[in-house]
Amino acid sequence: MFASQFIPLLPLQGSGAIRPARRFVPPGAAHAFGNSGSAPGRMLLITAPPGHEKYFDELRDLIAKGGKPDPDALAKLRAKYDTVQLATLTPS
């Protein structure tokens, strides 16, 4: 994880990640990440087997359109990649 401070929300690992940090998320484990810093953050994500990274590419494209993402488009994207969104897409 790079820049700013990311908090990994994993039941198995409770402390915040100070950069740089590595986290392993087992398949099917509920997890989320949040940026507790005041600056935008960057994170390097490696998925195995490959393919799930395309979910984030498509999610980025939906968010980049501006405004609130279309709920139907999000539901379709999540179903396509068998993903359940745990955290909000926008800061609360």
Residue list for region 23-34, filter: closer than 17 Å to residue 84 by Cβ, surrounded by 10 or more Cβ atoms within 10 Å (Cβ to Cβ) and either free of Cβ contacts under 8 Å to residues at least 12 places away in the same chain or more than 11 Å from the chain's Cα centre (by Cα) (or both): 25, 29, 30
Residue count for region 35-75, restricted to those that are surrounded by 13 or more Cβ atoms within 10 Å (Cβ to Cβ) and either in contact (Cβ under 8 Å) with a residue 60 or more places away in the chain or more than 22 Å from residue 23 (Cβ to Cβ) (or both): 6
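Taken together, the values in this text are just the output of simple stated rules run on the coordinates, not laboratory data. Please read these numbers as outputs of a predicted model, since none were measured by experiment. Using ideal geometry, Cβ is built from the backbone for each residue, glycine included, and neighbour counts are taken over all protein chains shown.
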